[in-house]
Amino acid sequence: MSSRSEAPSSSDAPSEGLIETLRASALAELGEASDGGELDEWRVRYLGRKGQLTSILRSLASLPVEERRTVGAAANQLRTALEEQLQARTDELRNALSTAAEQLDVTLPGRRGHRGGLHPVTQTIRDITDAFAAMGFQTVEGPEVELERYNFDALNIPADHPARDLWDTMWVESPDGEDRSDMLLRTHTSPMQARVMEKTDPPVRVVVPGRCYRYEATDATHEWCFHQIEGLAVDEGISFADMKGTLYEFARRIFGSERKVRFRVDFFPFVEPGAEMAIDCFKCNGGGCNLCKQTGWIEILGAGMVHPKVLEGVGYDSEKYTGFAFGMGVERIAMLRHGIDDVRLFAAGDLRFLSQF
Ligand code: FA5
C-alpha cells in the first residue's frame, strides 16, 4: 500500500476537518487492501484500540461541549461507515477468490504423475520365469556371495580342473584378511543346483534368476556383473528329450511360436552330455543377417544332463534319478528381444535408454 496517514498527534485537536481527512485516507487504503492480512492491518490501524479513529474518539472529552457533540457525531458516523466499508471490501475479496475457484475446470483430465517402470532386465527375468512357471518350474533365489564348494567343487570342477579358468573369479577377502578365502562372488547361477538338491528330495523343478560376477574386461557383450537364469529338473526317468521339449517350449514362448531350435554339443563339467542351444534368427528367419552374424542361428543358452557326480555329491542315487540343467544370460536375451547392441547400457542408469522399455 502507498503512503499511510499518521495517527493524529496530541496537538491535533479533533475536528470535523480532521475526521474528513481520516475518512479520505482510510477509504483510499481500504481500496488497496488485497487480502485478509492487509484488511486486518487496516482494521488495527483505524479501528483497533490504538487506531487513529479510536484515539480521536478518546480525545473528544477535551473539547467544549458544543463541539464535542458535532465532532463526536461525525466521528461515530465515520466509525460506522468504516466498519461497513470493511465488511464490503471483505465480501468483495472473498467473492473474487471464489470466482477464481469456479474458473477451475474440474472436468479437465488430471496431469499425469511420473510413473517408473521395470528395468528391462527385470522384465526379461519375469517373462522367462513366467514361461517356466507355466511348465511347473518354481522360482528360487540364492546367495551372490557364494562358497567355492558350491560354485566349483559341487559342480564337478575341482581346484586343479582347467575349466575353472572359464570363470575368472572375484574372491572375497576372508575375515582374517587373507586375500583368498573360500568365498567368492558367484560366477554363474549353477551353484544353486547343489543348494536346492541338498534341501529337496526329487522331483525338483526350479529356475534361479540372479546376478553373477566375473573378473573380466567389459565390452559390448561382456559385463563384470550380469544376470543369469539357471534351470534344473531332476526326477526318475528324465531324458534328453524332456530337456529339448522344455527348452523348445521356452524359446517359442519368449521369441515367438514359429521359432526353430538347434542343439549342438558343448562342454560343461557338470553336465554329460552337454549342449548349447540356438534359435533360428528371428530378424532374418534364418537367412543370415548382422544380428546372427550371417549364420542364421543365435546361441541363447548352455544345457545338458546333470552329471552323475553332481547328483551323487548331494546324496541322490544317480542310478535312479536323472535330470537336466540349463543356464542363460538374461542381458543377452533382452538384447536379442529388443535389438540392443551394447550390454553396458543396462547398468549405465541412463533414463533415455531405460524409459524406452
Ligand atoms: C555358464 O555359466 C553355465 N553355468 C551355464 C550352464 C548351466 C550350462 C547349466 C549347463 C548347465 P556360460 O559361461 O556360457 O555358462 O554363461 C552362460 C551365459 O551367461 C552366456 O551365454 C552369456 O549369455 C552369459 N554371460 C556369460 N558371461 C557374461 C558376461 N561377462 N557378461 C554378460 N553375460 C555373460
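Quick note: the coordinates plus some simple rules give every number you see, no bench work behind them. The shown structure was predicted, so the numbers you read here are calculated from the model rather than taken from an experiment. Reconstructed Cβ throughout: ideal geometry from the backbone, glycine too, with neighbour counts over all protein chains shown.
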Listed by chain and number, the residues whose amide H is under 5 Å from that of Gly286, excluding neighbours fewer than 5 places away on the same chain and using placed H, are Cys281
Listed residues Lys244, Lys260, Lys293; largest mean-square fluctuation, Gaussian network over the chain with Cα springs below 10 Å, found at Lys293
From the Cα centre of the stretch 314-357 to that of the stretch 61-80, the distance in Å is 94 Å
Answer in debye to the nearest 20: the dipole magnitude of the stretch 66-194 about its Cα centre, from +1 Lys/Arg and -1 Asp/Glu charges placed on Cβ, is 1080 debye
Quick shape check on the stretch 175-302: root eigenvalues a ≥ b ≥ c of the Cα gyration tensor, a/c under 1.5 is rounded, otherwise prolate if a/b tops b/c, else oblate, and it reads oblate
The simple spin-label model distance between His119 and Lys260, using points 7 Å out along Cα→Cβ, in nm, is 3.7 nm
Sorted largest first, the Cα spans of the stretch 116-169 on the principal axes come out in Å as 45, 29, 17
In whole angstrom, the spacing between the Cα centers of the stretch 218-241 and the stretch 26-45 equals 77 Å
When the charge dipole of the chain is computed with +1 at the Cβ of Lys and Arg and -1 at the Cβ of Asp and Glu, the Cα pointing farthest to the positive end, of Ala81, Leu291, Cys281, is that of Ala81
In whole Hz, the Karplus estimates of ³J(HN,Hα) for the stretch 95-100 (6.51, -1.76, 1.60; θ = phi - 60°; x where Gly or Pro) are 5, 4, 5, 6, 5, 4
As a percent rounded to 5, the proportion of antiparallel DSSP bridges among beta bridges in the chain is 95 percent
Footprinting proxy, Thr122, Thr322: sorted fewest to most Cβ within 10 Å, the residues are Thr122, Thr322
Out of Val65, Val44, Ala24 - ranked by how far each Cα lies towards the positive end of the dipole of the stretch 11-75, with unit charges on the beta-carbon of charged residues - the top one is Val65
Sorted on mean Cβ neighbours within 10 Å (highest first), peptides 343-352, 311-320, 146-155, 326-335 come out as 326-335, 146-155, 311-320, 343-352
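Taking 0.36 nm per residue of sequence separation and subtracting the Cα-Cα distance, how much length would be gained by fully extending the chain between Glu249 and Gln138, in nm to one decimal? Walk me through the intermediate numbers first.
Working: separation 111, 0.36 × 111 = 39.96 nm, distance 1.64 nm.
Additional length available on full extension: 38.3 nm.
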Of the listed links Lys244/Lys283; Lys199/Lys260; Lys260/Lys309, those spanning more than 27 angstrom between alpha carbons are Lys199/Lys260; Lys260/Lys309
Cys residues of the chain with no disulfide-compatible partner (no other Cys Cβ under 4.7 Å) are Cys212, Cys225
CD proxy, 222 nm, the chain: helix-only mean residue ellipticity via -39,500 (n - 2.57) per DSSP H run with n ≥ 4, per residue, nearest 500, stands at -12000 deg cm²/dmol
Per GNM of the chain with C-alpha springs under 10 angstrom, the most fluctuating residue out of Ser181, Ser257, Ser62 is Ser62
Under a Gaussian network model of the chain whose springs join Cα atoms within less than 10 Å, the largest fluctuation of Asp35, Asp219, Asp342 belongs to Asp35
Around Arg195 (Cβ within 14 Å, Cβ-to-Cβ, excluding Arg195; K/R +1, D/E -1) the net charge comes to -4
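How charged is the neighbourhood of Thr70? Take every other residue with its Cβ under 14 Å from the Cβ of Thr70, and add Lys/Arg as +1 and Asp/Glu as -1.
Combined, the nearby Lys, Arg, Asp and Glu give -2.
In debye to the nearest 20, how big a dipole does the stretch 120-354 give about its Cα centre with +1 on each Lys and Arg Cβ and -1 on each Asp and Glu Cβ?
Magnitude of the dipole: close to 1140 debye.
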For the stretch 289-299, Karplus-derived ³J(HN,Hα) couplings (6.51, -1.76, 1.60; θ = phi - 60°; whole Hz; x for glycine and proline) come out as 7, 5, 5, 9, 6, 6, 8, x, 10, 10, 6
Checked the stretch 120-354 with the C-alpha gyration tensor, a ≥ b ≥ c its square-rooted eigenvalues, rounded below a/c of 1.5, otherwise prolate if a/b is larger than b/c and oblate if not; verdict oblate
